[in-house]
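Undergrad: Okay, handing you the structure first.
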Amino acid sequence: MGGVSFELISAEEQWEIFDDASRRLLNMDGAEFADRWDRGEFVGKDDPGVMQVAILRPSGWPNAS
């Protein structure tokens with residue numbers, strides 16, 4: 001049986017993953033997404049891409065919720 005393994009990633013790598021997903025799924029960089037999220041622009045929007053990006057948002061970065 002195979003085990004589960006994981007790898008810790010740096011804060012910079014977390015941001016890169018978040019930013020890449022935001023660009024790919026929503027056509028905006030991660031900073032713009034975080035700013036718009038914090039302003040409540042996505043409230044009530046039924047877009048799976050928004051939630052996929054939101055769940056990747058790293059803590060410890062400017063505007064992080």
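Any read-out appearing in this document is the output of simple, stated calculations on the displayed coordinates, not a laboratory observation. Small disclaimer: the values here were computed from a predicted structure and weren't measured. Quick reminder, even Gly has a Cβ in these numbers, built from the backbone with ideal geometry, and neighbours come from all protein chains shown.
Undergrad: Looking at region 19-36, I want the residues that are more than 14 Å from S59 (Cα to Cα) and have a partner that is aromatic (F, W, Y) with Cβ atoms under 6 Å, at least 6 apart or on another chain. Which pairs are those?
TA: S22/F33
Undergrad: Hey, could you check region 1-18 for residues that are within 10 Å of the chain's Cα centre (by Cα) and in contact (Cβ under 8 Å) with a residue 12 or more places away in the chain and say which is surrounded by the most Cβ atoms within 10 Å (Cβ to Cβ)?
TA: That would be F18.
Undergrad: For region 21-58, what are the residues that are in contact with a helix residue (DSSP H, G or I) (Cβ under 7 Å, 6 or more places away or on another chain), under 20 Å from I9 (Cα atoms) and among the small types (G, A, S)?
TA: Across region 21-58, the qualifying residues are A21, S22, G30, A54.
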